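**Q** Structure incoming, see below.
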Amino acid sequence: MENIATDLWAVAAPQSFLGLHVGTHMTVVRLQDGSLMVHSPIALTPSLKLKVDAIGPVRHIVAPNVYHHLYAGEWQDAYPGALLHAAVGLSKRRRDLAIDRELRGETHPDWAADLETSYLDGTMLNETVFFHRRSRSLVVADVIENFETSPHWPTRIYLKLGGIHGTPGLSRPLRLVFRDKKRARRSIDEILSWDFERILLAHGDIIETGGHDALRDAYTWLKG
């Protein structure tokens, strides 16, 4: 676990999607009451569980969109007292999960002092985005990617064809899930109203500085 800022950690893990080596990140936020929110959980190994348990009790597990849910069940089994917050529509894909709350952009009382939330409307991702005020960090899953390159040549070709090789952005294939551009544009503008500098994302390198400009530039193609 990498300590990114006060009460904020990230954990990287390998991940393949359609044969592409895109990797993934999990984000852990320690809330003001000392409990933890686990965002976009990765595989829960005994070693990772020890590290997580050392910083606080897990009270919230977040599957932020309809694609980032693979390991939610593992975490729910390991922490039966935690609430599982899942994207709208995920219950149809994962009938095995006991989802406690659907994410529609509402701020849960437990994290109201630490996080703001916004629902990315107009897309098939059904993603809820989080803003950690104290560290000025945006926490997302698939809203933006950031790959310098990849040693895996099929992945490198994908990055180049997707227009995100060496630059933060949203790949051209992923833009197809934006079905109502006017509503999506309003959502992106709402997110851009937050004063964030860092972006913790699922795929690629964390954007430590200039995150606000990176997100704005990544969505110049999206016209309302």
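**Q** Filter region 1-32 for residues that are of a type in the set (A, V, I, L, M, F, W, C) and part of a loop (DSSP other than H, G, I, E, B); which is surrounded by the fewest Cβ atoms within 10 Å (Cβ to Cβ)? First the steps, then the outcome.
**A** Of region 1-32, the ones of a type in the set (A, V, I, L, M, F, W, C) are 1, 4-5, 8-13, 17-18, 20, 22, 26, 28-29, 31.
Applying the additional criterion that residues be part of a loop (DSSP other than H, G, I, E, B) yields 1, 18, 22, 31.
Values: M1: 15, L18: 8, V22: 20, L31: 19.
Top of the filtered list is L18.
**Q** Inspect all residues belonging to region 66-80 and state whether any of them is surrounded by 14 or more Cβ atoms within 10 Å (Cβ to Cβ), among the acidic types (D, E), free of Cβ contacts under 8 Å to residues at least 60 places away in the same chain and assigned to a helix (DSSP H, G or I).
**A** Of all residues in region 66-80, those surrounded by 14 or more Cβ atoms within 10 Å (Cβ to Cβ) come to 66-76, 78-79.
In the following step, the residues that additionally are among the acidic types (D, E) were identified as 74.
Okay, now just the ones that are also free of Cβ contacts under 8 Å to residues at least 60 places away in the same chain, so 74.
Among the residues that remain, those that are also assigned to a helix (DSSP H, G or I) are: 74.
Yes: region 66-80 contains one or more residues that are surrounded by 14 or more Cβ atoms within 10 Å (Cβ to Cβ), among the acidic types (D, E), free of Cβ contacts under 8 Å to residues at least 60 places away in the same chain and assigned to a helix (DSSP H, G or I).
**Q** What is the number of the single condition among (1) in a loop (DSSP other than H, G, I, E, B); (2) within 25 Å of V22 (Cβ to Cβ); (3) not hydroxyl-bearing (S, T, Y) that G105 does not meet?
**A** Condition (2) is where G105 drops out.
**Q** Run down V129, V143 and say which single residue is buried (at least 18 other Cβ atoms within 10 Å of the Cβ), in contact (Cβ under 8 Å) with a residue 12 or more places away in the chain and in a strand (DSSP E or B).
**A** On the way: V143 fails: in a strand (DSSP E or B).
Going through V129, V143 in turn, just one is buried (at least 18 other Cβ atoms within 10 Å of the Cβ), in contact (Cβ under 8 Å) with a residue 12 or more places away in the chain and in a strand (DSSP E or B): V129.
**Q** Please go through region 196-209 and pick out each residue that is within 15 Å of V140 (Cβ to Cβ) and in contact (Cβ under 8 Å) with a residue 12 or more places away in the chain. Reasoning before the result, please.
**A** Initially, region 196-209 is screened for residues within 15 Å of V140 (Cβ to Cβ), giving 196-208.
If the condition is that a residue be within 15 Å of V140 (Cβ to Cβ) and in contact (Cβ under 8 Å) with a residue 12 or more places away in the chain, then F196, E197, R198, I199, L200, L201, A202, H203, G204, D205, I206, I207 are the ones that fit.
**Q** Okay, next question. Hey, D53 hits all of (1) at pLDDT 95 or above; (2) not in a helix (DSSP H, G or I) but one; which does it fall short on?
**A** (2)
**Q** Given the conditions (1) free of Cβ contacts under 8 Å to residues at least 24 places away in the same chain; (2) in contact with a strand residue (DSSP E or B) (Cβ under 6 Å, 6 or more places away or on another chain); (3) not small (G, A, S), and given that R156 satisfies all but one, which numbered condition is not satisfied?
**A** (2)
**Q** Enumerate the pairs (first residue in region 174-195 and within 18 Å of D217 (Cβ to Cβ) and in contact (Cβ under 8 Å) with a residue 24 or more places away in the chain; second residue anywhere and in a helix (DSSP H, G or I) and of a type in the set (G, A, S)) with beta-carbon separation below 8 Å, excluding pairs fewer than 6 apart on the same chain, so at least 6 apart or on different chains.
**A** These pairs meet every condition: F178/A184.
**Q** Still on this structure: Looking at this structure, is V52 farther than 20 Å from L174 by Cα, touching a Phe, Trp or Tyr at 6+ places or on another chain (Cβ under 8 Å) and crowded, with 19+ Cβ neighbours inside 10 Å?
**A** When the stated conditions are applied, V52 does not pass them.
The values are calculated or read from the model by the stated rules, or taken from the named source; none is laboratory data. These numbers come from a predicted model, not from an experiment. Cβ atoms come from the backbone with ideal geometry, glycine included; neighbour counts cover every protein chain shown.
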